[in-house]
1. Does segment 102-122 contain any residue that is assigned to a helix (DSSP H, G or I), under 26 Å from Asn198 (Cα atoms), among the β-branched types (Val, Ile, Thr) and out of contact with any Ser or Thr (no Cβ under 9 Å at 6 or more places or on another chain)?
2. Quick one: count up the residues across segment 242-279 that are aliphatic (A, V, I, L, M) and touching a residue at least 12 places away in the same chain (Cβ under 8 Å).
3. Among the candidates Cys431, Cys494, single out the residue that is within 16 Å of ligand 2 (Cβ to nearest atom) and closer than 19 Å to Leu544 by Cα.
4. Being of a type in the set (S, T, N, Q) and closer than 30 Å to His141 by Cβ is true for just one of Ser332, Ser354, Ser295. Which residue is that?
5. Any residue in segment 428-439 that's β-branched (Val, Ile, Thr): show its pairings with residues that are buried (at least 19 other Cβ atoms within 10 Å of the Cβ) at Cβ separation under 7 Å, as long as the two are six or more apart or on different chains.
6. Of the numbered conditions (1) under 22 Å from Ala342 (Cβ atoms); (2) outside any helix (DSSP H, G or I), Phe215 satisfies every one except a single condition; which is it?
7. Given Met194, Met185, Met172, which one is under 19 Å from Phe301 (Cα atoms) and in the same structural domain as Lys129 (by TED's automatic domain parsing)?
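The values are calculated or read from the model by the stated rules, or taken from the named source; none is laboratory data. Because the structure is predicted, anything quoted here is derived from the model rather than measured. Here the Cβ is made from the backbone with ideal geometry for all residues, glycine too, and neighbour counts use every protein chain on show.
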Amino acid sequence: MREYLPILILGAIIGVFTLIFVAVYALEKNKKETMGFERHMADGEIVKRLLRYAKPYYGQFVGIFFIMLFSIGYDLISPLLIGSLIETVQGDFELSYLLTMVIIYAGILIVSLICTYAQAMILQKIGQKILSQIRLDVFTHIEKLSHEQLNNIPVGKLVTRTTNDPNSISYMFTNILVTLVKNVMVIFGVLGAMLLLNYALTLMVLCFVPFIVLFTVIFRKFSRKVHRRVSDATTDVNTYLSENLSGIKITQIFNQEERKMQDFLEKSKALGNAKRARMFVFGIFRPMVYMLNISSVMCLFYLGCKGYIQDAHWFGQVIDSSVIVSFYMYISKFFNPIQTLAEQFDMLQRSFASAEKIFTILDMVPEVVDEPDAIELEEIRGEIEFKDVWFAYKPGEWVLKGVSFHVEPKQTVAFVGSTGSGKTTILSLICRNYDIQKGQILIDGIDIKKIKISSLRRHFGQMLQDVFLFAGDIRSNIVLRSEGISDEEVWEACKYVNADSFIGKLENGLSEVVRERGNNFSAGQRQLLSFARTIIHKPSVMILDEATANIDTETELLIQDSLEKMKNIGTMLIVAHRLSTIQHSDNIILLAHGEIQEQGTHQELLRLKGRYYQLYTLQYEKQQIQNG
Ligand SMILES: Nc1ncnc2c1ncn2[C@@H]1O[C@H](COP(=O)(O)OP(=O)(O)O)[C@@H](O)[C@H]1O
Ligand SMILES: [Mg+2]
């Protein structure tokens, strides 16, 4: 005994210190940068804000803690039970006693299983609630952001902020925190139980800690590398597939199937290799860690059975077969949590990074907001006035320079001018997608900043060049989400915009299926549907931004006619490149470099013989040539 005890004590001290050191290191290491994302918020602040989401469930978390104590109880008690069973079996044992022990063991096992199940169920429920709360917060906040702010965040990022990141936070509440706490408690619990059984054997077990920690650290270094390789290769294959499947028609037309096949085979092979590498790493390290486990067990048997530390008395501790069996079971219960702890720390850091990304979005102050005294507008007549409006997307680069015009209710006004002259900008300023820097925009004589944004936009109907149709049927695409619109009203709207003739020819009429993005309809048909969709909501101001581009001559006549009819509904603002579309407008505004160059009716502008006259004659001649 004398020779062994100092060595064991030294080894145990080294073991405990490595464990503490590695734990602290793991907590600190990924703090600044997790998965290529640089962190700026302090952990304390993130925790404080995360706790706010958990607050409604504090009671349940306390409940879970107690349930967890039960399942840990099983981990701690079962080796002792088995140990005492062994002891019983050795002597001249009674079957009834053995049976009682088995029943107790089974009872504890069942209770622990039920506890684990209950814990998982409650946690899942809480997790789902927290998840949807965070998603809702992020989503509603994103909706409040101005167009300018949204332009600065790629859509892909927004999707991640509302899907993956909340997931990772909810996972933290449901899995990481609980296993973290549980593992730490199991480590200390097992340590305590072992000390009570035999302190000398416990010191022996602690001597193995540096090795297990070292192996775990090395293994995780390699495993992370191969994991990344596999996930990169998978992304590669997926992007290649999605890109090429959507462009498959082009591939066929250009007869590129063979070459694409080769490309795909290469990427597929890379994925296969990455997966093999991963298998190799796991295949090498798992047995090695297991070997450590076995080595410590062998030491246990050697030291325990040979009687070298038999005389280490401490509160009358002895080493007999039951102690050895209990230790045998405790050893793996002690090593497993150490191995998983490092992983848990890592995931905790990843969740913190996700939380910070989400909070960064939530901290963005919406630029276009309702003023405190903003009013609700029930009805508007549709009078619009721009008073010396100056606007820039980027400070100093003026896009609109002192634009002033006036539109009477129910008038139709057209904007013309070369690409980039500011037509779309004017239309989006009326909807207050951006705030202007100087001047005033008035609707019915009221500054739009004094009107609630939701109330303002409700009176507008926008028709754009790219019509977005949702998968569903024609009816659902026209009424959108509004309730209580009868089929008669839908037909009426369709008739009004001349969409009835083509819908009437369809086999299922209004119930005809619309495929994703509406690709079973022509551009002109989609446009007519968007007109119907707009007028059924009876907007006071209709905005058409190049809605009539890309349309064949036949549909153009239909659209021309429906535009004439739509003029009776409300004020109409049109941007169109084809001047024939707009020549009946009440006013035509010609823009150049963000300034109004000419304005007046078609006839007035022709008489002026200015820029509009030039444009018109140019288009007219082209038309003549096309018509032969
Ligand atoms: N979101 C934006 N951010 C920065 N500049 C923009 C943005 N949208 C448009 N612009 C710029 O504003 C000018 C006017 O654009 P726009 O109103 O779209 O012209 P039009 O509709 O007449 O073709 C262009 O020079 C364009 O580059
Ligand atoms: Mg435009």
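1. For segment 102-122, residues assigned to a helix (DSSP H, G or I), under 26 Å from Asn198 (Cα atoms), among the β-branched types (Val, Ile, Thr) and out of contact with any Ser or Thr (no Cβ under 9 Å at 6 or more places or on another chain): present.
2. So the count comes out to 4.
3. The conditions single out Cys431.
4. On the way: Ser332 fails: closer than 30 Å to His141 by Cβ; Ser295 fails: closer than 30 Å to His141 by Cβ.
Matching residue, one of Ser332, Ser354, Ser295: Ser354.
5. Once the first residue is β-branched (Val, Ile, Thr) and sits in segment 428-439, its partners that are buried (at least 19 other Cβ atoms within 10 Å of the Cβ) give Ile430/Ile384; Ile430/Ile441; Ile436/Val389; Ile436/Phe391; Ile436/Leu429.
6. Against the list (1) under 22 Å from Ala342 (Cβ atoms); (2) outside any helix (DSSP H, G or I), Phe215 comes up short only on (2).
7. Numbers: Met185 fails: under 19 Å from Phe301 (Cα atoms); Met172 fails: under 19 Å from Phe301 (Cα atoms).
Unique residue meeting the criteria: Met194.
Yes or no, residue by residue, for (1) over 20 Å from Lys410 (Cα atoms); (2) within 51 Å of the chain's Cα centre (by Cα):
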residue	(1), (2)
Ser585	no, yes
Ala592	yes, yes
Glu595	yes, yes
Gly600	no, yes
Leu605	yes, no
Arg611	yes, yes
Thr617	yes, no
Glu621	yes, no
Gln624	yes, no
